[in-house]
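Written out below as structure tokens is the structure these notes cover.
Read-outs: derived from the displayed coordinates by stated rules, not from any lab. These figures come from a predicted structure and were not determined experimentally. Glycine gets a Cβ as well: all are built from the backbone with ideal geometry, and neighbour counts include every protein chain shown.
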Amino acid sequence: MALPRGVVIHPDELGDLWLSRLKHSDIRTVGLHPVGGKKADESLEALRLAVLRGDFDKKFATLRQMGIEVEYEMHAMSWLLPRSMFVEHPDWFRMNEAGERVADFNLCASCDESLRFVAARAAELVKILRPTTHRYHLWIDDVRDSFCHCSKCRKMSPSDQALLIYNALWKGIRTVDPAATQCYLAYQNTEPAPTNVKPEEGIFLEYAPFDRDFTKSLADEACDKNVHEVAPLPELLQCFGRREAKVLEYWLDNSLFSKWKKPPQFFHLEKEVMRADLNFYQQLGFEDVTVFACYLGEDYEALHGAPDIDAYLKQ
């Protein structure tokens, strides 16, 4: 039995074109991903307000008629802990390697007050951005080496710090949705499994191999880069288990291949790499796979014609 498949696109890309593609596909989940980066809080807030206004109601109804679920996958930390709060609560924010509290990325993971605050904010956020699957993907900031170095936090790895945050978010979210689960995003600095912090029962693994070689399968043992990328997987799966374990891949991510700049570049799907990867993930026991598919909307087709992506959309 093939792995269930999903796509993750930007909110503005969910229009008639993608709905038409999805109608005749085997896609089971659509994830909306507000643009990250320095203005991640603004794009997340724009999505929250759009959903609150009902801007997506008809589109979501169409997806429901197709039997397709809706999720949200987003770097949420700068929304959950507004940087403007640094003046009043500097101890909530991370300490950099120079020993200075800074309001740039993430938070102080050993500060109980900051964790309680973001948990409460997460509860408020998911009252509006509520996935139909009860699976939540509120991620920490998309910046390498952005963890806390205070006297308590420096004893923890980035993965341990991240898991403390995700555990707190899950506790907040389940006050609104008792059936909620929250992902642990294994990505960049947090790919190694946590060692000193245990996942709460509602935490599942989301593995995002961003540092891979996209021209070769992860199963290619002759590719040193990919061998290094998959090395943490046994410990990750042991730590979090295979229940709900999912992959977040990049096979269709034309925003990545366009270096996150418009206009979108011509896209070519490495089909054999994708097929080998899907088999690899299935053998490991993952239960779900989804893929970024940004920058393949109307503007792409106007420039390059329809992208050849049916090998993923249709099993």
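Please compare each pair in Lys38/Lys259; Lys39/Lys261; Lys127/Lys261; Lys38/Lys152 to a cut-off of 21 Å on the Cα-Cα distance and tell me which ones are over it.
Table pairs above 21 Å Cα-Cα are Lys127/Lys261; Lys38/Lys152.
For the chain, what does the helix formula give at 222 nm: sum of -39500 (n - 2.57) over DSSP H segments with n ≥ 4, over the residue count, nearest 500 deg cm²/dmol?
Working: 12 runs with 111 residues, N = 315.
Calculated at 222 nm, the ellipticity per residue is -10000 deg cm²/dmol.
Return the sequence-ordered ³J(HN,Hα) values of the stretch 299-315 in whole Hz as given by the Karplus equation 6.51 cos²θ - 1.76 cosθ + 1.60 applied to θ = phi - 60°, using x for Gly and Pro.
Here the 3J(HN,Hα) series is 5, 5, 5, 5, 8, 10, x, 5, x, 8, 10, 5, 4, 8, 5, 10, 7 Hz.
Over the stretch 31-152, what is the relative contact order in whole percent, taking alpha-carbon pairs under 8 Å and six or more residues apart?
32 percent
Any idea what the dipole of the stretch 243-315 comes to, in debye rounded to 20, about its Cα centre with Lys/Arg Cβ at +1 and Asp/Glu Cβ at -1?
Taking the Cα centre of the stretch 243-315 as origin, the dipole is about 180 debye.
Under a point-charge model restricted to the Cβ atoms of Lys and Arg (+1) and Asp and Glu (-1), what is the dipole moment magnitude of the stretch 5-313 relative to its Cα centre, in debye to the nearest 20?
680 debye
Which residue, Ile27, His89, Ala103, has the largest displacement toward the positive end of the dipole of the stretch 23-120 when charges sit on each Cβ (Lys, Arg +1; Asp, Glu -1)?
After comparing all options, I get Ile27.
Please state the relative contact order of the stretch 5-313 as a whole percent: Cα pairs under 8 Å, 6+ residues apart?
Once normalised by length, the contact order is 16 percent.
Excluding residues fewer than 8 places away in the same chain, name every one of the lysines whose C-alpha is closer than 20 Å to that of Lys314.
Output for Lys314: Lys23, Lys246, Lys271.
Looking at the stretch 135-174, which trypsin sites (Lys or Arg not before Pro) are DSSP coil and have at most 16 other C-beta atoms within 10 Å of their C-beta?
Here the trypsin sites (Lys or Arg not before Pro) that fit, given the DSSP loop and packing criteria, are Arg144, Lys152.
I'm checking a number: the convex hull volume of the Cα atoms of the stretch 187-315, normalised per residue, in Å³. What is it?
Taking only Cα atoms, the stretch 187-315 has a hull volume of 121 Å³ per residue.
So how far apart, in nm, are the two label points at Lys127 and Phe266 if each is 7 Å from Cα heading toward Cβ?
According to this spin-label approximation, the distance is 5.1 nm.
Whole angstrom only: what separates the Cα centroid of the stretch 112-170 from the Cα centroid of the stretch 237-313?
25 Å
Assuming a viscosity of 0.692 mPa s and a temperature of 37 °C, what translational diffusion coefficient in µm² per second does Stokes-Einstein assign to the stretch 5-313, Rh being the Kirkwood radius over Cα pairs? Please report the intermediate quantities before stating the final value.
On the way: Rh = 20.0 Å.
Taking Rh from Cα pairs, D becomes 164 µm²/s.
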